[in-house]
């Protein structure tokens, strides 16, 4: 018996804050298998949010959005693109979480990633994220 191939989706995310901490915001876009990038989803997180918290919250929201659209998230391989080395490296396990207040955000993103049948984390330069997200 052969296992069917996973559907390959992509997500790009970026988050930030006006002030650090300050008003948090973020955006993400999804790309379905063989398709074009869908419109960006913009998010607001309120005041007293750090840049790293906004990055994690945006990725977590994007992954939850994708998983909620799928009949079975376990049938999806997702490639994540982001310009936050902290988020990408911590989720890979290459960097430790040294700031205790970040741990719940990392854990929430990791829990979303675990829903999928495959995950690839890709760091990219900020200009690539900005070009894809239109900001």
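Only the coordinates and a few stated rules stand behind these numbers; no lab work does. Please read these numbers as outputs of a predicted model, since none were measured by experiment. All Cβ positions, even for glycine, are placed from backbone atoms using ideal geometry, and neighbour counts span all protein chains on display.
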Footprinting proxy, 79, 53: sorted fewest to most Cβ within 10 Å, the residues are 79, 53
Mean separation of Cα contacts under 8 Å, 6 or more apart, over the residue count of the chain: relative contact order %
28 percent
Between residue 101 and residue 130, how many nm apart are label points set 7 Å from Cα along the C-beta direction?
2.7 nm
What are the semi-axes of the equivalent ellipsoid for the chain, taken as the square roots of 5 times the Cα gyration tensor eigenvalues, largest first, in whole Å?
25, 17, 13
Most mobile of 14, 83, 36 in a GNM of the chain (Cα contacts under 10 Å)
36
Which of 55, 44 comes first, and how do the rest follow, when ranked by fewest Cβ neighbours within 10 Å?
44, 55
Across all Cα atoms of segment 27-68, Rg and the largest Cα-Cα distance (Dmax), in Å, are 11.7, 39
First measure r as the distance between the Cβ atoms of residue 41 and residue 94, then evaluate 1/(1 + (r/R0)^6) with R0 = 30 Å and state the FRET efficiency to the nearest 0.05.
0.60
Report the Cα centroid-to-centroid distance between segment 49-63 and segment 3-46 in angstrom, as an integer.
10 Å
